[in-house]
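The values are calculated or read from the model by the stated rules, or taken from the named source; none is laboratory data. Since the model is a prediction, treat every value here as computed from it, not as a measurement. Every residue, glycine as well, gets a Cβ built from its backbone with ideal geometry; the counts of neighbours run over all protein chains shown. To get the accessible areas, we keep the full protein, side chains included, count just its heavy atoms, and leave off ligands, DNA and RNA. Shrake-Rupley method; radii C 1.70, N 1.55, O 1.52, S 1.80 Å.
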Amino acid sequence: METVSSPATAARVLAVRPVGTTAVLAELSGLHDVLALQTLLLESPLPGQVDVLAAAETVMVKADSPAAARRMAARLLAMDLTVQSHTEGALVTIDTVYDGEDLAEVGRLTGLGADGVVAAHTGQVWTVAFGGFAPGFGYMVGENQALEVPRRSSPRTAVPAGSVALAGNYSAVYPRQSPGGWQLIGRTAAPMWDLSREQPALAAPGDRVQFRAVRELVEIPAAPAETSGHSAVKSGLRILSPGLQSLIQDLGRPGHAGLGVSSAGALDRASVRRANRVLGNGPSAAVIESVAGGLRVQAMGDQVLAVTGAPSALTVVTPSSAAGTHNDEDGAQQEEVRTVPMATAFALLDGETLTVGAPERGFRTYLAIRGGVEAESVLGSRSTDTMSGIGPAPLAAGQLLGAGAATNSNVVGNPELQPDYPDAGVTVLDIVPGPRDDWFDAAALELLCSQDWAVTPRSNRVGMRLAGEPLRRSRDGELPSEGTMAGALQIPPEGQPVLFLADHPITGGYPVIGVVADYHLDLAAQVPVGGSIRFRWTPGPPVPADTSHDHPHDSLNEVSN
C-alpha cells in the first residue's frame, strides 16, 4: 500500500450540484482529486450509494433514493482528499501497430512527426483514469502532455474495433466498432472487453498501460460460441412474432458505470414490478418488454402469465386440436378465442397462443411468466442493453424462452390496478434544473418549459429525440465529458433536446439542462412516438449551505465550499 499526498492545501470537493432527484455531481479542481474521491467512495461507500462515475473534473454519485441523494451533498463537501492511499493497479501491455489514419496529422499538430508520436506514445506509462462512452473504453492519462491534440472536427461514423486513439490529454482503445471523433494513431488486437473474463475490462480504472510497437498483430481466435440450448427448452414460451421490437428486461445492472456499462433494464420499472407481484415472482424477475404491440407467443406446457404496461387487447386462441374445442354445424372443429385482462394472472395452456394488440395508450407492454424468463445473467442482470450489446439479443420468431424459478411466493397475487398512460397528446414531466442549466440564459430556460416537444421517430431505448424551437447556449466552448444518467435532458449544439433513457451512454460532453424527476421516468418511457412532452420545473434536493448567486433558480444552485 502506497500513500500519496497532495500539496499542503487541503484538497476538497469544490461544489456539489443536484442531478435530478437521485444523484449528485461533485466538482473538483483536477483529475488528481477526481481519482482520490473516486477511490474514497469505492472503499467507503456513502449510505445509499449505488454507483460512482468519475470523469475529467467531476464525480457523479447515484443514490438509491431521493433521501439518500439529499444527504450526500454535505458528506461530499466534508471529505478531505489531501491524503489518499491506494493500491497500484496492474500493468497491462498492449501491442500496437502504428499505422492509424490520423498519425501524420497528430505528428503535425504536436510538432513531433509520425515517428516522434510513436516514441512518445510508447515511451510513457498511461493510467486508466475512468471509464465511459462504451464498455471497456478507458480514458488513459499519460505522464506528460506531449500528445495533447484536439478531437477531429468531423467525427467518423464508424471507428474500427481495436483503434488506438488520442483526444485532449487522453489515449484510449475502441473496444468495438462505434462512431467517434478521436485521432486514430494505430490498432491493436487486444480484447479490451470480454465478458468471459472475471474482470471484463482488460484495463480497468486504476490499471496502468504500456503500449508496445509491433509490426504485425497476433490475432487470438475467438472461443467457439456456446449453443443457445433452445432445443432443450421444455416449458416456457415460443416466440411466434416479436412485433416491432421485443427484448428481455429486468430491473437492470447498476454498479458498473466505472467500466462504461449503463444500468439498462426495463424503461417502465413499475410495470415490471407490478407484473411480477401478480405472478408471485421476485421483483426483478426477467420479463419481455415489447414496443407498440404485435407480440405473439405460444405456450410450451401450461404457463401462468401476466401483462402490464400500456393497455392493450390481449387475445388467447386455443387451437382446434385441443380438447374442449367445439364443432360447428358441419362438424368441423373451431378455434376458441377469448380475451384476458391486463395486470391479472391468467393461464396459457399448452399450445395456446397469446397476441398483444397495439396499445390504446402508452407505448410499452411487459409480458411476465410465472418463474421469470430464463436467460443468461451478465454482470448480475438478464437485461438487454441495446447500446453496448450486453445481454440477450432482441427476440426473433421461432425463439424458445424457458420459464425460470424466480418466485418468492407459492401462489399468484391479486389483480392490480393500472395507472393512467399517456396518449398522443401532451404529457407533462417534472424536471430538476441542472447540473448545467447555467450554460443557458433565462430565456432559454423559459423556452424549455413553455413549449410542447414532439417525440420523433428517431427515438429509442438510448434516448428520446425531441423536436421544437431550438434552445441556444449562453456560453461558448466544450464541456469536459462527465457522468450522466437516465432522465438527463442533454442539449446538443443544434438545440434539440435528447432525453436519455436506460441504455444511454454513461458519459456525455453536451450540457444537461435538467433531469426528469425519478418518479416520472416510468411515465416518460410510455410517451409514444408522435406524442408530445411539456416540461415543468420542480425543486431539486435541498442544499446544506447558503449559496446566493444570480441564477434563474436560486434554490437549486450548486453547493460550494
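One line per residue, one yes/no per condition, for (1) in contact with a strand residue (DSSP E or B) (Cβ under 7 Å, 6 or more places away or on another chain); (2) open to solvent by less than 60 Å² (accessible area, probe 1.4 Å); (3) free of Cβ contacts under 8 Å to residues at least 12 places away in the same chain; (4) of a type in the set (A, V, I, L, M):
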site	(1), (2), (3), (4)
Glu374	yes, no, no, no
Val378	no, yes, no, yes
Glu416	no, yes, no, no
Val432	yes, yes, no, yes
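Please give the strands (runs of 3 or more DSSP E) falling wholly within region 45-149 in which 3 or more residues are open to solvent by 10 Å² or more (accessible area, probe 1.4 Å) and among the basic types (Lys, Arg). Let's see the steps before the verdict.
Working: elements: 49-54, 58-63, 83-86, 91-96, 126-132, 134-141.
It comes to none.
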- Task: Return yes or no: is Gly509 of a type in the set (Gly, Ala, Ser), out of contact with any helix residue (DSSP H, G or I) (no Cβ under 9 Å at 6 or more places or on another chain), under 23 Å from Pro18 (Cα atoms) and surrounded by fewer than 24 Cβ atoms within 10 Å (Cβ to Cβ)?
- Result: yes
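Residue by residue, here is whether (1) at pLDDT 95 or above; (2) assigned to a loop (DSSP other than H, G, I, E, B); (3) over 19 Å from Ala375 (Cα atoms); (4) touching a strand residue (DSSP E or B) at 6+ places or on another chain (Cβ under 6 Å) holds:
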residue	(1), (2), (3), (4)
Leu237	yes, no, no, yes
Leu240	yes, no, no, yes
Pro254	no, yes, no, yes
Ala266	yes, yes, no, yes
Arg274	yes, no, yes, yes
Ala285	yes, yes, no, no
- May I ask you to list the residues in region 380-414 that are under 20 Å from Leu237 (Cα atoms) and either of a type in the set (A, V, I, L, M) or surrounded by fewer than 16 Cβ atoms within 10 Å (Cβ to Cβ) (or both)? Ala393, Pro394, Leu395, Ala396, Ala397, Gly398, Leu400, Leu401, Ala403, Ala405, Ala406, Val412
- Task: Hey, can you tell me all the residues within region 337-372 that are crowded, with 19+ Cβ neighbours inside 10 Å and charged (D, E, K, R)?
- Result: Glu352, Arg364, Arg370
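Out of curiosity, is Leu259 closer than 30 Å to Val128 by Cα and in contact with a helix residue (DSSP H, G or I) (Cβ under 7 Å, 6 or more places away or on another chain)?
Details: closer than 30 Å to Val128 by Cα: yes; in contact with a helix residue (DSSP H, G or I) (Cβ under 7 Å, 6 or more places away or on another chain): no.
Taking the combined requirement at face value, the residue does not satisfy it.
Considering only region 476-488, I want to know if a residue exists there that is farther than 30 Å from Ala26 by Cα, of a type outside the set (A, V, I, L, M) and open to solvent by 30 Å² or more (accessible area, probe 1.4 Å).
Quick first cut of region 476-488, residues farther than 30 Å from Ala26 by Cα only: none.
The answer is no, given that none of the residues of region 476-488 is farther than 30 Å from Ala26 by Cα, of a type outside the set (A, V, I, L, M) and open to solvent by 30 Å² or more (accessible area, probe 1.4 Å).
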- Note on the structure: Counting only residues in region 451-489 that are without any contact (Cβ under 8 Å) to a residue 24 or more places away in the chain and not acidic (Asp, Glu), the one farthest from Tyr170 (Cα to Cα) is identified as Arg458
- Identify, please: which residue in region 280-291 is aliphatic (A, V, I, L, M) and surrounded by 24 or more Cβ atoms within 10 Å (Cβ to Cβ) and is, among those, nearest to Ile239 (Cα to Cα)? Ile288
- Query: Right, Gly162: at positive phi, open to solvent by 10 Å² or more (accessible area, probe 1.4 Å) and either at pLDDT 85 or above or not small (Gly, Ala, Ser) (or both) or not?
  - Reply: no
- Message: With the requirement that a residue be crowded, with 20+ Cβ neighbours inside 10 Å and either in contact with a Lys or Arg (Cβ under 6 Å, 6 or more places away or on another chain) or under 16 Å from Arg273 (Cα atoms) (or both), what does region 292-310 give you?
- Response: Leu305, Ala306, Val307, Thr308, Gly309, Ala310
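Restricting to strands (runs of 3 or more DSSP E) lying wholly in region 381-472: which have 3 or more residues that are under 30 Å from Pro179 (Cα atoms) and aliphatic (A, V, I, L, M)?
Filter on region 381-472 gives 463-467.
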- Query: What pairs come up if the first residue lies in region 110-132 and is closer than 19 Å to Arg208 by Cβ, the second is aromatic (Phe, Trp, Tyr) and outside any loop (DSSP other than H, G, I, E, B), and their beta carbons are under 6 Å apart, counting only those six or more places apart or on different chains?
  - Reply: His121/Phe211; Thr122/Phe211; Ala129/Tyr139; Phe130/Tyr139
- Taking region 254-277 as the region of interest, how many residues are out of contact with any Asp or Glu (no Cβ under 6 Å at 6 or more places or on another chain), aliphatic (A, V, I, L, M) and buried (at least 24 other Cβ atoms within 10 Å of the Cβ)? 4
